Amino acid sequence: MEKEKDSESQVKRLFERFNTQIADPAYIDVDFLVSLVDVVRPKHVNLYYQADIQFLLAYFEASPEELQSFQLYLKRILVAKDFDQLISDTGIISYADFFYELKKRITERYLPFQPPKSTLQYLLNQVFYKSSDAEWIAMIPQDQVDKLFCLCGFQTIYDDETGFGMIEILYGLELLVQRITGRAMETDVNKMVPEFQNFDSPFIAIMREFTELNDRLLQSNVKFIPSNDLSYKQILVLHRQCEAYIETAFDNSHRFGISIKVNQSLLRMRQQLERIREILYFLVIDHSDEKKQKTIKLGVTLLGYNSGKSNIRKLVGQSTQLLAYEITHHTAQTGEHYITSSEREYWKMFRSACGGGLIVGVMCIFKLLLGKVHTSEFGHAFLYSLNYAIGFTLIYLFGATLATKQPAMTASALVNAIEQGASGAGNNRHRYWMFAELFGRLFRSQFIAFVGNVVMAFPMSLFLVWLIQQLSHVNIASAQWSHLVNDLNPVKTPLVFHASIAGVFLFLSGIIAGSISNRDKHNSVYYRIQEHPMLKKVFGQRQTNKIALFYEKKWAGIVSNVWFGIFMGTTAPVGLFLGLNLDIRHITFASGNLALGLFGNGMELPAEIWFRGILGIGLIGFFNFMVSFSLSLILAFRSRNLSSGELIKMGRAVWIYFKINPKLFFFPPRKS
């Protein structure tokens, strides 16, 4: 009650201050309206808040002279205010370029675009300048809104003799229909929906139908139609066909891939279709008592469009979800190969990981030698990156396994499994249990891959450094043995942080693989290589097919591994350049470095260093796994629009499964 009295007194003082101006027929500034809304606007808006403007209504009822001046003031500032762009443009993605649109919205967030003063959007920008304004206005009780509408002396857009409001609606709709039709005819969009190529485009049909309706309404004295109007019904049917067109294009992204440009074009078309459906509602009047309610709703709707026009979170969310799905769809398919089921597959993974450990052992030696090269930090970054990139690519091409590459791939496969379970006939408990079993298989696959990498990288590094000493009579690790073993000390070095950085790079390499695969699919690269006239002439059709198949199966993985090598090789030099303690720690390389440190100190290490080294290797492996797996899991959840509640249920199921069958997280089930 005290709050209402205080707000009413603020309104009274406001009218006293502006009384002379608003009574002046020439006064059209919005300062008074801005100040009035500032008084009415609540300080905090939340989900359970209900705005109350009873104090304002009470003041108007008790002050007829001020109310009359206010009515005339509102008519002056609202007269002939264009709002067609609020319908056709505001809140809709402007360009097919995602990054341009993102930059535009960030700029407008802090330096808002100001349209001409002759537009309604200018008025909304000045008066309702907070992004939360649409929320609290929507929370005002309907009876108070109706009363305010009457007290302000507003006329419905349907009863306006000039028909200005309805003409603006029709013009805004016409712009939307023409734009969406033009966009739907673009080649990049058309190729996504071959199912529609032998049929008349629903977009052209809806444009023709709306043009006919638009002409009829503009020539009529009545600017609205009943819900049983045949043209209106036909437009609704065609609108549903246009929506089906868009959804089919999105669904076909599995077959054809999708680029950011096409994704943005389809999102823009979807938003325009949603806007057309929302605004068509205001053309239909069946009963005269609908006029006031629809006029009020139109005002609230336009305010909502304007308040959300710079929503960055919504833009990023809508723009990245499908692309994330396509990327994780590739990694899910790849990740299935990293999850073992039987005892035979388990030991096959061990042998594959041993192969990866052998190559990493060689890479450890090369990195140690490259560190002795006298060059700049850029030179070391280049050499280290080359060493890593060649090594990781060889591991990939030889079919060997680098343990920490698994999580970035397998997380998507796990989420894919639970998503398929959600769409199946089984109950929730059953599909979560299936997920727990799949996670157990993943964990033991990762465990044996770690073991294979570590147990082979250690002796391989030790053998090679011994061999070099036998050939050259130089212990190449003697000068750096202390540094090599101390880097594994989890107490005195930021080992966890550096292992987490490597986990981020593992995650990014998985994203790159999925992105490259999606891009090549969308651009039909495999088919273009297969049918390349010069390649067929030089190599023949059979060999060209092999080249195309190799590209399709291996290229994304090669690029991913090259970039992973660049990330790993440049981190430390970049950290030195920036003055930051940046570096990477990878479990397999840590094992090889421990071997080099052992040999560098004459095959003797104190028990304390052994303990810290083994503990450090374990922590490195854990954080390599957890960071890359967690990031991949978050992306997979985001791409499939799953809630965080699903993650909690999945974690609970995994924990129960672990308590029942702990051995299955480390060893495969024995054959019965």
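Would you list the helices (runs of 4 or more DSSP H) that sit entirely within segment 526-641 and hold 3 or more residues that are over 27 Å from G379 (Cα atoms)? Spell out the reasoning first.
Values: elements: 533-539, 541-578, 587-600, 607-639.
The helices (runs of 4 or more DSSP H) meeting that bar are 533-539, 541-578, 607-639.
Checking R585 against (1) within 22 Å of F497 (Cβ to Cβ); (2) open to solvent by 60 Å² or more (accessible area, probe 1.4 Å), which single condition isn't satisfied?
Evaluating R585 over (1) within 22 Å of F497 (Cβ to Cβ); (2) open to solvent by 60 Å² or more (accessible area, probe 1.4 Å) leaves (2) as the failure.
Identify, please: which residue in segment 490-525 is part of a helix (DSSP H, G or I) and hydroxyl-bearing (S, T, Y) and is, among those, surrounded by the most Cβ atoms within 10 Å (Cβ to Cβ)? Spell out the reasoning first.
So the first thing to find is which residues in segment 490-525 are part of a helix (DSSP H, G or I), and the list is 495-522, 525.
Cutting the leftovers down to hydroxyl-bearing (S, T, Y) gives us 500, 509, 515, 517.
On the way: S500: 19, S509: 27, S515: 18, S517: 25.
Filtering segment 490-525 for residues that are part of a helix (DSSP H, G or I) and hydroxyl-bearing (S, T, Y), the one surrounded by the most Cβ atoms within 10 Å (Cβ to Cβ) comes out as S509.
If I ask for residues that are part of a loop (DSSP other than H, G, I, E, B), open to solvent by 70 Å² or more (accessible area, probe 1.4 Å) and either modelled with pLDDT of 80 or more or of a type in the set (D, E, K, R) (or both), which ones from segment 25-49 would you list? Break it down into steps so the answer makes sense when it comes.
Step one: filter segment 25-49 for residues part of a loop (DSSP other than H, G, I, E, B), giving 25-30, 41-49.
Applying the additional criterion that residues be open to solvent by 70 Å² or more (accessible area, probe 1.4 Å) yields 25-26, 28-29, 43-44, 46-48.
Selection gives P25, A26, I28, D29, K43.
Hey, K649 hits all of (1) touching a residue at least 12 places away in the same chain (Cβ under 8 Å); (2) under 21 Å from V451 (Cβ atoms); (3) open to solvent by 40 Å² or more (accessible area, probe 1.4 Å) but one; which does it fall short on?
Just one mismatch for K649, condition (2).
In segment 526-541, which residues are open to solvent by 60 Å² or more (accessible area, probe 1.4 Å) and either in contact with a Cys (Cβ under 6 Å, 6 or more places away or on another chain) or among the hydrophobic types (A, V, I, L, M, F, W, C) (or both)? Show your work before the answer.
So in segment 526-541, the residues open to solvent by 60 Å² or more (accessible area, probe 1.4 Å) come out as 526-528, 531-534, 536-539, 541.
Scanning segment 526-541 gives M534, V538, F539.
In segment 260-286, what count of residues is obtained for those that are open to solvent by less than 30 Å² (accessible area, probe 1.4 Å), of a type outside the set (D, E, K, R) and within 19 Å of S88 (Cβ to Cβ)?
Total meeting the criteria: 13.
Being buried (at least 17 other Cβ atoms within 10 Å of the Cβ), within 31 Å of the chain's Cα centre (by Cα) and assigned to a helix (DSSP H, G or I) is the requirement here; does E108 meet it?
Working: buried (at least 17 other Cβ atoms within 10 Å of the Cβ): no; within 31 Å of the chain's Cα centre (by Cα): yes; assigned to a helix (DSSP H, G or I): yes.
Taking the combined requirement at face value, the residue does not satisfy it.
Contact list please: Cβ distance under 8 Å, first residue in segment 178-192 and within 20 Å of N523 (Cβ to Cβ), second residue open to solvent by 80 Å² or more (accessible area, probe 1.4 Å) and among the charged types (D, E, K, R), pairs at least six apart or on different chains.
Taking only residues 6 or more apart or on different chains, the pairs are D188/K261.
If the Cβ limit is 7 Å and pairs must be 6+ apart or interchain, which residue in segment 61-89 that is more than 18 Å from V34 (Cβ to Cβ) pairs with which residue that is open to solvent by 50 Å² or more (accessible area, probe 1.4 Å) and in a helix (DSSP H, G or I)?
Here the result reads A80/F164; D84/Y171, each pair linking segment 61-89 to a residue that is open to solvent by 50 Å² or more (accessible area, probe 1.4 Å) and in a helix (DSSP H, G or I).
From the set of residues in segment 118-136 that are at pLDDT below 90 and open to solvent by less than 30 Å² (accessible area, probe 1.4 Å), which is nearest to F210 (Cα to Cα)?
A134
Just checking, which of L605, L549, L594 is touching a helix residue (DSSP H, G or I) at 6+ places or on another chain (Cβ under 7 Å), over 20 Å from A353 (Cβ atoms) and of a type outside the set (S, T, N, Q)? Reasoning before the result, please.
On the way: L549 fails: touching a helix residue (DSSP H, G or I) at 6+ places or on another chain (Cβ under 7 Å); L594 fails: over 20 Å from A353 (Cβ atoms).
From the options L605, L549, L594, the qualifying one is L605.
Could you count how many residues in segment 128-164 are in contact (Cβ under 8 Å) with a residue 60 or more places away in the chain and part of a helix (DSSP H, G or I)?
Total meeting the criteria: 14.
Could you grab me the full set of residues in segment 81-105 that are of a type outside the set (D, E), open to solvent by less than 60 Å² (accessible area, probe 1.4 Å) and within 21 Å of D160 (Cβ to Cβ)?
Correct list: K81, F83, L86, I87, S88.
Restricting attention to segment 146-162, does a residue exist that is β-branched (V, I, T), surrounded by fewer than 18 Cβ atoms within 10 Å (Cβ to Cβ) and at pLDDT below 95?
First pass over segment 146-162, keeping only residues β-branched (V, I, T): 156-157, 162.
Those still in the list that are surrounded by fewer than 18 Cβ atoms within 10 Å (Cβ to Cβ) too: 162.
Going one step further and asking which of them are at pLDDT below 95, we end up with 162.
Checked segment 146-162: at least one residue is β-branched (V, I, T), surrounded by fewer than 18 Cβ atoms within 10 Å (Cβ to Cβ) and at pLDDT below 95.
Looking at G308, G257, can you tell me which residue is crowded, with 17+ Cβ neighbours inside 10 Å and of a type in the set (G, A, S)?
Working: G308 fails: crowded, with 17+ Cβ neighbours inside 10 Å.
Every option except G257 fails the conditions.
Could you tell me whether any residue of segment 228-243 is among the charged types (D, E, K, R), more than 17 Å from I279 (Cβ to Cβ), at pLDDT below 95 and surrounded by 15 or more Cβ atoms within 10 Å (Cβ to Cβ)?
no
Search segment 348-406 for residues being part of a loop (DSSP other than H, G, I, E, B) and open to solvent by less than 40 Å² (accessible area, probe 1.4 Å), and hand back the single one that is farthest from F550 (Cα to Cα). Don't jump to the end; show me each part of the working.
First, the residues of segment 348-406 that are part of a loop (DSSP other than H, G, I, E, B): 371-376, 398-402.
Filter once more, so that each one left must be open to solvent by less than 40 Å² (accessible area, probe 1.4 Å): 371, 400-402.
Working: G371: 35, A400: 17, T401: 19, L402: 21 Å.
Step by step, filter segment 348-406, then rank; the result is G371.
Can you tell me how many residues within segment 451-489 are surrounded by 17 or more Cβ atoms within 10 Å (Cβ to Cβ), hydrophobic (A, V, I, L, M, F, W, C) and farther than 16 Å from R585 by Cα?
Residues flagged as surrounded by 17 or more Cβ atoms within 10 Å (Cβ to Cβ), hydrophobic (A, V, I, L, M, F, W, C) and farther than 16 Å from R585 by Cα within segment 451-489 amount to 10.
The values are calculated or read from the model by the stated rules, or taken from the named source; none is laboratory data. Since the structure is predicted, the reported quantities are computational estimates derived from the model, not experimental observations. Heads up, the Cβs are rebuilt from the backbone with ideal geometry, glycines too, and the neighbour counts pull from every protein chain shown. Keep in mind that these areas ignore ligands, DNA and RNA; they rest on the heavy atoms of the full protein, side chains included. Shrake-Rupley method; radii C 1.70, N 1.55, O 1.52, S 1.80 Å.
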